Amino acid sequence: AVVGAGLGGSAVTYFLQQHFGPQVQLDVYEPAGVGGRLATVTVNKQQYESRGASIHALSLHMQDFVKILGLKHRREVAGKSAIFSGEHFVLEETDWYLLNLFRLWWHYGISFLRLQMWVEEVMEKFMRIYKYQAHGYAFSSLEELLRSLGGDTFINMTQRSVAESLLEVGVTQRFVDDVIAAVLRSSYGQSVLVPAFAGAMSLAGAQGSTWAVEGGNKLVCSGLLKLTKANVITARVTGISLHSSEGRALYQVHYEGSEGPGSAFYDMVVVTTPLHPSRSNFTFENFEPPIADFPGAFQPSVTSVVHGYLNSSYFGFPDPKLFPFASILTTDTPNLFFNAMDNICPVNISAAFRRKQPQEAAVWRVLSQQPLDKQQLKTLFRSYYSVQVTEWQSYPRYDAAKSLPPIVLHENLFYLSGVEWVASSMEMIAVAAKNVALLAYNRWHQELEKIDQKDLMHKVKTEL
């Protein structure tokens, strides 16, 4: 059984079938729609991404999914960004790459180069995971996985803030306050106190090239479930109880569907929905020792998709025709009521599509901590036709937990979403899904030499 049909659930279903073979029976429980946080909203008969919107160029599992499913990358529509302090723009992007570099250097010295080197070093080590997974290696805890990629450095990066780590490599406080804060507010809705590892992943996404799936990123989830011919059960799982048969653990999954309550038995269960009290009222029965509660909280976050006319004078442009930016990030200023906003394109972009002129009505996605009130909407927009609000518990509150959640809850009972406490992105979830599938396979077949191996870089080189 796989609990949840978001990206984690659909990816782990696909990988489980890949490793165990087509004869494995897969039931996927999902009370809402397939896709989880990868969701779209409709404005004027066009669909727009409301959340998980962009995928980093180095996301190899996501690239693979798109290829296997015959999906396409969405056409990129260029647009410039700027960082707003609540009173003025502290940094503005231009059409000229060299001018952008010069401005960064002029404002911040070589901080941006130091940042780039730091992020590249983290990413280079992180990319080892694909080699390990290609050779069938898996990890039974997030700590083991991180240690195999970057040693104690990576473990430490989950325990200290991104600000602290960057100041240590010579990035200036001003650069942290202006640029790093703006990126983290737009990606995690949190401050520069998020752990360094989560911060590095978010900054990699901000400075690399990104892409999205033509037709919507959620097509990856529905595509993978179709491909595996998994049995999707529309029901909410309420708990799991442990039984045993012939010395082997059996798990009874209890659920609540439209027909009322029900249950079914499984050899193996993967939970891909967050197991935090604020997110699920999930019970575990008959486990000895009992499965402990998960510490930590989730960050509330609000996405407002607004179809309307931008109030460019709020940003210092009395003439809307002259407003040059498609996305606005913000610094951590007490009176700012939004984290970021961008002029978004539909999930299907025709060859003739062009971005709306700044004086025209466009579709903007505004990210904030609280729902925007009428006055705040009036501040950002001269007038608007529609507002669609999605409130969700998006990311872990990174300052709220001191330890990482387990992957193995019991013999063949696995927890996938804990990876978000390391860093949260579509690719991190796909990497965790592959790891859980390999771990489940290696444990089932007693291939223990493929689990938690030390010095893997050396091993993989000799295997090559």
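The values are calculated or read from the model by the stated rules, or taken from the named source; none is laboratory data. Because the structure is a prediction, the values reported are computed rather than measured. Here Cβ is always computed from backbone atoms with ideal geometry, including for glycine, and neighbour counts include all displayed protein chains. Just so you know, the surface numbers come from the protein's heavy atoms only, side chains and all, with ligands and any DNA or RNA stripped out. Shrake-Rupley method; radii C 1.70, N 1.55, O 1.52, S 1.80 Å.
Annotations
- Among beta bridges from DSSP that stay inside the chain, the antiparallel ones total about 75%.
- For segment 297-353, averaging the sequence separation of C-alpha pairs within contact (under 8 Å, six or more residues apart) and dividing by the residue count gives a relative contact order of 19 percent.
- Here the spin labels are modelled as points 7 Å beyond Cα on the Cα-Cβ line, and at PHE265 and ASN335 they lie 6.7 nm apart.
- Accessible surface computed residue by residue for segment 24-63, with neighbouring protein chains in place and a 1.4 Å probe, gives 44 Å² per residue.
- Cα centroid separation - segment 176-239 against segment 62-103, whole Å: 16
- By average C-beta atoms within 10 angstrom, highest first, the peptides 24-32, 78-86: 24-32, 78-86
- Rounded to 10°, Cα long-axis angle of helix 7-20 versus longest principal axis of the chain: 40
- For the pair HIS458 and GLN357, label points projected 7 Å from Cα toward Cβ lie 6.6 nm apart.
- Net lengthening on full extension, GLN23/HIS73 (0.36 nm per residue, minus Cα-Cα): 14.8 nm
- Proximal charge balance of LYS80 [Cβ under 9 Å; K/R count +1, D/E count -1]: -3
- Global geometry of segment 361-416, whether rounded, prolate or oblate, following the gyration tensor of its Cα atoms and the 1.5 cut on a/c: prolate
- Considering helices alone, the calculated mean residue ellipticity of the chain at 222 nm is -9500 deg cm²/dmol, with DSSP H runs of length four and up weighted by -39500 (n - 2.57) and normalised per residue.
- Gyration tensor over alpha-carbon atoms, segment 300-445, equivalent ellipsoid semi-axes in Å: 41, 19, 12
- FRET efficiency for the ASN286 to SER258 pair, using the beta carbon distance and R₀ = 41 Å, is estimated at 0.90.
- Segment 240-246 - phi-based ³J(HN,Hα) in whole Hz, Karplus 6.51/-1.76/1.60, Gly and Pro as x: 9, 10, 9, 10, 9, 9, 6
- Summary value for the chain: 26 percent relative contact order, contacts being C-alpha pairs under 8 angstrom separated by 6+ residues.
- In units of the rule-of-thumb radius 2.2 N^0.38 Å, segment 1-121 shows an alpha carbon radius of gyration of 1.52.
- Around the Cα centre of the chain, unit charges on the Cβ atoms of Lys, Arg, Asp and Glu (plus for the first two, minus for the last two) sum to a dipole of about 1280 debye.
- Zone of ASN348's modelled label, taken as backbone nitrogen in segment 181-216 under 14 Å from a point 7 Å along Cα→Cβ: 214-216
- Segment 343-457, relative contact order in percent, only Cα pairs under 8 angstrom and at least six apart counted: 14
- The order of the peptides 366-376, 301-311 by mean Cβ neighbours within 10 Å, most packed first, is 301-311, 366-376.
- Solvent-accessible area, 1.4 Å probe, carbon plus sulfur percent, for segment 214-341: 52
- Between LEU113 and SER241, the simple spin-label model (points 7 angstrom out along Cα→Cβ) gives 6.6 nm.
- With the highest mean first, a sort of the peptides 246-255, 7-16, 111-120 on other beta-carbon atoms found within 10 angstrom per residue produces 7-16, 111-120, 246-255.
- Two-site FRET efficiency, THR234 against PHE89, from Cβ-Cβ distance with R₀ of 35 Å, rounded to 0.05: 0.15
- Counting only residues at least eight positions apart within a chain, or on another chain, the lysines with an alpha carbon under 30 Å from that of LYS356 are LYS45, LYS72, LYS80, LYS218, LYS321, LYS374, LYS378.
- Table column - 3J(HN,Hα) (Hz), segment 318-332, Karplus curve with 6.51, -1.76, 1.60, x for Gly and Pro: x, 9, x, 4, 8, 6, x, 9, 9, 9, 10, 9, 10, 7, 7
- In Hz, Karplus ³J(HN,Hα) per residue of segment 306-313 (6.51, -1.76, 1.60; θ = phi - 60°; x = Gly, Pro): 10, 9, x, 9, 4, 8, 5, 5
- Environment charge at HIS135 (Cβ cut-off 13 Å; Lys +1, Arg +1, Asp -1, Glu -1): +3
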